[in-house]
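Q: I have a structure here, written as structure tokens, and I will follow up with some questions on it.
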Amino acid sequence: MTWVLGISVVILIALGAPIFVALLAAASLALLFFPGPPLIALQQTIFGGLDAYALLSVPFFVFAGELMAISGIADRLINLVRALFGRVPGSLGVAALGGSTLIGTICGSSAAAVAAVGRNMYPQLIEGGYGKQRAAGIITSSGAIDIVIPPSIAMILYGASAEQSIAKLFIAGIVPGIVMALLMAGYISISALMARIPREAHFRARVAWHAFRQAFWALTMPAFVMVGIYAGFFSPTEAGGFACAYAAFLGFVVYRTVNFQLLLEAAVSSAMMTARIMVVVAAAGVVSWVLTVEGVPQALIAATTDAGLSPLGFLLTVNLLLLAIGCVLDPTSAILVLSPLLVPIAVSLGIDPIHFGVVMTVNLAIGMFTPPFGLNIFVAQSVLGLRTSDIYRGVLPFMAVQISALALITLVPALSLWLLTGMS
Amino acid sequence: MGGNGFIRAEAIAVRLVGILLGLALIAMVLVNVANAVGRYSGWFSLVGADELLVYGMIWIVMLGAILAARSRDHLSINLLPTAMSGGLAAAVKIAIDIATVAVSLFIAWHSFDFISRIAALNQTSMGLGIPMVIPHSAILIGFAGIAAVTAFLTIVDISRLSGHERGRK
């Protein structure tokens, strides 16, 4: 039964079936040909997969990201980072990276960051002598950090799927996200020095102050959301709602860039994005139910114990598996399908499930820009108007950098757990 | 109603459902914020707000899934279809559409069975006290809608493909 399920999913996904159809078709086939669990439970499983308060944060953070894009918050953040990094070698590239990371503190969508930074920074990177491939590589790979830096939709889904605290996952993602950003910044600076890319104008306090004043209200948004969650003022779901309300307030009242028509368009687009993500959540719930009823997670735990795999060996194996899967499957689907299988094994080996969630998220973040099918590649292609081959070449060095970051995050659990331990 | 009238009516319906989903999301944000403010300030508490939000999200997801099926916009990976020839790719697309219709009808049928049973029991929700048939019906309507729009698109695709083949002969 498990084989029928697994093979059907792979074949249908490879043939281009919608992922929710592939998951439900495989689960239905398994249930029809290997009767066991009652079919009437299908409705309860699908409904139960969506009937979770924590999952409400998905539409709210998606909507907050859309509002951030239409209200000009993203552009103000990018301009500030650019003004601050004037003196650093490769300052324009570092500014694109910094802008992307800051955007990640507001919305959990990697694609939104690639689109916002790409539109704003790509022409300037080309003008600054970075060349098409390097510029595309910076923009495409920087966006991946956004699903590690909280708030992260991937972490919300992992938390819901693996029954872990979303607030703890958000806290655990901060240091790994910064580590990824710092390693990327180091590489961008060194490669800019080696390629003799001319530096931008020197840092000017007046310009930086002006950019800071322009971005001040935008900067308060991540602070408001993060402090609210970490200080315990509101849950991640409530934080998502407040993020939307705050972004709408900035757009309507402070920047006056948003009107009701734009707000409604952003809401419609967010509702559609939510539907596309959450219907996969519902379908993955059915697969997970079938696998659990069949005792597959327990069988995998037993097989792992018999194989004598150490926690480190398991984590390295999972890294290789997820890097491969991340090349072809989006993080949403990968997390929803794999978490119920992998988390019980990780816990049985004594691996902290929060650390494991961060490792999974970082892996899938790398998959977001890994050729041939990383989602960010296609977003960058549509925004920058480049050939995919140029983007493929551009992202390769950044893959190496982020795989180094992944190794560090995997081998040093304290990077994920230190902040949590400190706060508790 | 002629072909053009049907296309216009369908486009208006799609647009209206989209607007309804957007307005519902805005309303959900307002309820969420009002509920949090009321609770933390101690001024008021919206009874059943969490339930309302979750059920609202489920309806948004299932109606949005119908629209996404209409625009063929669901998450998918075109691993093999991009490498296939035109005829083979079209055949695979039709086969996938048929599978989508079959799976959606299968889920809708079992959903209908379940909803009939809870309707007979008059089961109500704990917070809002509404009949549980209302939130559960989102799954039935969602999958029945996905099956209907995909069946329609499949018929259009098959007729276009056969028309194209006749044109070539």
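The values are calculated or read from the model by the stated rules, or taken from the named source; none is laboratory data. Since this is a predicted model, take the numbers as computed values, not measurements. Cβ atoms come from the backbone with ideal geometry, glycine included; neighbour counts cover every protein chain shown. What goes into the accessible areas is simple: the full protein's heavy atoms, side chains included, and nothing from ligands, DNA or RNA. Shrake-Rupley method; radii C 1.70, N 1.55, O 1.52, S 1.80 Å.
Q: Extension gain A:HIS210-A:TYR255, at 0.36 nm per residue separation less the Cα-Cα distance, in nm?
A: Details: separation 45, 0.36 × 45 = 16.20 nm, distance 1.54 nm.
Separation in residues times 0.36 nm, less the Cα-Cα distance, equals 14.7 nm.
Q: Output the 0 to 90 degree angle, nearest 10, between the alpha-carbon long axis of helix A:260-293 and the longest principal axis computed from the alpha carbons of chain A.
A: Between the helix axis and the principal axis of chain A, the angle is about 30 degrees.
Q: Ok, one more. Just flag the trypsin sites (Lys or Arg not before Pro) in region A:196-302 sitting in loop per DSSP whose Cβ has no more than 14 other Cβ atoms within 10 Å.
A: Values: sites: A:ARG196, A:ARG199, A:ARG204, A:ARG206, A:ARG213, A:ARG256, A:ARG276; in loops: A:ARG196, A:ARG199, A:ARG204, A:ARG256.
Filter output for region A:196-302: A:ARG196, A:ARG204, A:ARG256.
Q: Let me ask another. Ordering B:LEU23, A:LEU322 by how much accessible area each has at a 1.4 Å probe, largest first, what is the list?
A: B:LEU23, A:LEU322
Q: Then there is this: Angle, helix A:296-307 long axis vs. longest principal axis of chain A, Cα atoms, 0 to 90°, nearest 10?
A: 80 degrees
Q: GNM on chain A, C-alpha springs below 10 Å: top fluctuator among A:PHE216, A:PHE63, A:PHE398?
A: Looking only at A:PHE216, A:PHE63, A:PHE398, the biggest GNM fluctuation is shown by A:PHE216.
Q: Only Lys, Arg, Asp and Glu count, each charged at its Cβ (+1, +1, -1, -1), so figure out the dipole size of chain A about its Cα centre, rounded to 20 debye.
A: Its charge dipole is roughly 1500 debye.
Q: Sort A:THR292, A:THR220 by accessible area with a 1.4 Å probe, largest first.
A: Descending order: A:THR292, A:THR220.
Q: Further question: What nm distance separates the two modelled labels at A:ILE178 and B:ARG160, each placed 7 Å from Cα along Cα→Cβ?
A: 5.2 nm
Q: Let me ask another. At a probe radius of 1.4 Å, what is the per-residue accessible area of A:THR140, in Å² to the nearest 10?
A: 0 Å²
Q: Just grab the label-to-label distance for B:PHE112 and B:MET84, each label 7 Å out from Cα along the Cβ direction, in nm (one decimal).
A: It is 3.0 nm.
Q: Ignoring everything but the protein chains, give the 1.4 Å probe accessible area of A:THR332 in square angstrom, nearest 10.
A: 20 Å²
Q: May I pose another question? Give me the net charge of A:PRO176's neighbourhood, meaning all other residues with Cβ under 14 Å from the Cβ of A:PRO176; Lys, Arg count +1, Asp, Glu -1.
A: -1
Q: Another question, then. Summarise the accessible area of the protein assembly as shown (1.4 Å probe, protein heavy atoms) by the percent that is carbon and sulfur.
A: Carbon-and-sulfur percentage of accessible area, whole number: 68.
Q: Under a 5 Å amide H to amide H cut-off, with H placed in plane at 1.01 Å, what residues pair with B:THR124 once short-range neighbours are removed?
A: Long-range HN contacts for B:THR124: B:MET132.
Q: Sorted from largest down, give the three principal axis spans of the alpha carbons of region A:160-299, whole angstrom values.
A: Principal-axis extents of region A:160-299 (Cα, largest first): 64, 46, 31 Å.
Q: Hey, another quick one. Please find the FRET efficiency linking B:ALA95 to A:ILE190, where r is the Cβ-Cβ separation and R0 is fixed at 41 Å, and quote it to the nearest 0.05.
A: Values: r = 51 Å, r/R0 = 1.24.
About 0.20, to the nearest 0.05.
Q: Still on this structure, I have one more. Taking the Cα centre of chain B as the origin, how large is its charge dipole in debye, to the nearest 20, when only Lys and Arg (+1) and Asp and Glu (-1) carry charge on their Cβ atoms?
A: Result for chain B is approximately 560 debye, rounded to the nearest 20.
Q: Cut-off 10 angstrom, C-alpha nodes, Gaussian network model of chain A. Which of A:SER141, A:SER71, A:SER189 fluctuates the most?
A: Result: A:SER189 has the largest fluctuation of those listed.
Q: Average projected area of the Cα convex hull of the protein assembly as shown, in nm²? It would help to have the intermediate numbers written out before the result.
A: Details: hull surface 119.3 nm².
Computing the convex hull of the Cα atoms and averaging its projections yields 29.8 nm².
Q: Magnitude of the Cβ-charge dipole of region A:202-313, K/R +1 and D/E -1, about the Cα centre, nearest 20 debye?
A: Around 800 debye, computed over region A:202-313.
Q: With chain A treated as a Gaussian network of Cα nodes joined by springs under 10 Å, which of A:VAL81, A:VAL258, A:VAL268 yields the largest mean-square fluctuation?
A: Among A:VAL81, A:VAL258, A:VAL268, the largest mean-square fluctuation in the Gaussian network model of chain A belongs to A:VAL268.
Q: Between 0 and 90 degrees, rounded to the nearest ten: what's the tilt of helix A:41-50 against the longest Cα principal axis of chain A?
A: 20 degrees
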